[in-house]
Amino acid sequence: MEGSGEQPGPQPPNPGDHRIRDGDFVVLKREDVFKAVQVQRRKKVTFEKQWFYLDNVIGHSYGTTFEVTSGGSLQPKKKKEEPTSETKEAGTDNRNIVDDGKSQKLTQDDIKALKDKGIKGEEIVQQLIENSTTFRDKTEFAQDKYIKKKKKKYEAIVTIVKPSTRILSIMYYAREPGKINHMRYDTLAQMLTLGNIRAGNKMIVMETCAGLVLGAMMERMGGFGSIIQLYPGGGPVRAATTCFGFPKSFLSGLYEFPLNKVDSLLNGTFSAEMLSSEPKDNASVEETNGTLEERQTSEQENENSIAEAPVSYHPKNQETMEIVSQDQDYKEAKERGSKKDYIQEKQRRQEEQRKRQLEAAALLSERNADGLIIASRFHPTPLLLSLLGFVAPSRPFVVYCQYKEPLLECYTKLRERGGVINLRVSETWLRNYQVLPDRSHPKLLMSGGGGYLLSGFTVTMDNLKEDPSLNSNLSTLELHKTEEPAAKKRKCPESDS
């Protein structure tokens, strides 16, 4: 492909890529809860009512499970094989068990005293089992459910996994679905498949899903090819794209272009002066690429911290002092920096960004893109009708919307316009299953909807429909088509006789 030939390919993976390094973006996992963070030394992380530091995870492999110890330190958890030879003492049913709150001998004060002594959560769970008067009367299934519930409450374990499209889409859909326009992870997978996202393609994407769709496309393309992102406002928001932790080689094929300049590009009135005449937009783009993403990430952390109040193992004063000291260091470093160097660096970034936008305009002007992906909060009809002009014939396009009514209107407009085939509006249906011995069944709760997709393929416009001078010929052909079946009908009775 042309896109892959113009730019160097990504670097081959290093043997140490499966190990966690300082500065990597990772995902914390506990049961079905995920949270994306960046590994930094001496940075306090709050997750599921636990606070800890990620210093000790550096050098370990992805997928390692850690246990939170005293002082917020993480230690690898050793797997203990449970003896299978011993038969568990269990009851036949739970009909005689009454939940009156008196079955547990340990009080909250006793459990708090055990925590203060530094006893691990596994030992606390064991003592809770031994001091429960009704545990042995429960069925085997009820005992497993009881143990799982207590482990989730008292055992502080965290698994470090590598970010991927599936994990990040599940995380965003569970925590903040509004930021990704309520796009479910199976719908995102359908978009990537229908859009034929693969290495070497030249793709156009317009999304307002915090960069999740863009990151999914970059992951599937593997650094080969080119992606042109159209953004509204001051600049693109790529908070989710940053969580993937892509290497710099992946960014060489990523271009951006303002959405408000698309019409001028289609009309042929676009010029380089139109980009340089917007210093305010350039400044806002710089702020968006840096500060806004950090602000969005910090807002996510703040919302998580509100929903997950940290357990006070540590005095709150130390956390406050740490934040204040970091702010003071930042202010001092900023004051030491020269204003002249700051202005020069800002101008250099603006010029580099302007150069990349001109390259994106040149790529769009070729009008030979291999596909188009739209997933935004705006009405899809004007977006799709404008951006289809940049897509080559016989190429797929996919449009996502949370509601089906805008897609139905877009479907009607495309049928009237022509130049597309195989139009289809679809909705995926998802149901999760619990798979356990003798207890496999669909889960009681399921997602009500994950959005709708409009997909199709572009074709060359019919010359008869495009050229008004050929309307007479078109009407003549239609007359011939209508007269032909009538002549055949008159011959049928003569052949029978």
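The values are calculated or read from the model by the stated rules, or taken from the named source; none is laboratory data. Since the model is a prediction, treat every value here as computed from it, not as a measurement. Note that each Cβ is placed from the backbone with ideal geometry, even for glycine, and that neighbours are counted across all protein chains shown. With ligands, DNA and RNA removed, areas are computed over all heavy atoms of the protein, side chains included. Shrake-Rupley method; radii C 1.70, N 1.55, O 1.52, S 1.80 Å.
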Area accessible to solvent at GLU409, 1.4 Å probe radius, in Å²: 90 Å²
Considering only protein heavy atoms, what per residue accessible area in square angstrom results for the stretch 403-452 with a 1.4 angstrom probe? 74 Å²
So, by mean Cβ neighbours within 10 angstrom, what's the order for 90-98, 262-270 with the highest one leading? 262-270, 90-98
For the stretch 17-147, with all protein chains present and a 1.4 Å probe, just round the carbon and sulfur fraction of the accessible area to a whole percent. 44 percent
Which Rg and Dmax, in Å, describe the Cα atoms of the stretch 337-437? 21.0, 68
Which entries of LYS35/LYS117; LYS49/LYS151; LYS29/LYS179; LYS78/LYS115; LYS120/LYS149 show an alpha-carbon separation above 18 angstrom in the structure shown? LYS35/LYS117; LYS29/LYS179; LYS78/LYS115
Provide the per-residue ³J(HN,Hα) series for the stretch 157-166, in order, calculated from phi with Karplus coefficients 6.51, -1.76, 1.60 and θ = phi - 60°, each as a whole number of Hz, with x at glycine and proline positions. 10, 9, 10, 9, 10, 7, x, 8, 4, 5
Relative to the present Cα-Cα distance, how much length would full extension add between ARG19 and LYS115 at 0.36 nm per residue of separation? 31.3 nm
Express the accessible area of the stretch 35-78 per residue in Å², computed with a 1.4 Å probe while the remaining protein chains stay in the model. 44 Å²
Taking the Cα centre of the stretch 187-269 as origin, sum charge times position over the Cβ atoms of Lys and Arg (+1) and Asp and Glu (-1), and report the length of that vector in debye to the nearest 20. 180 debye
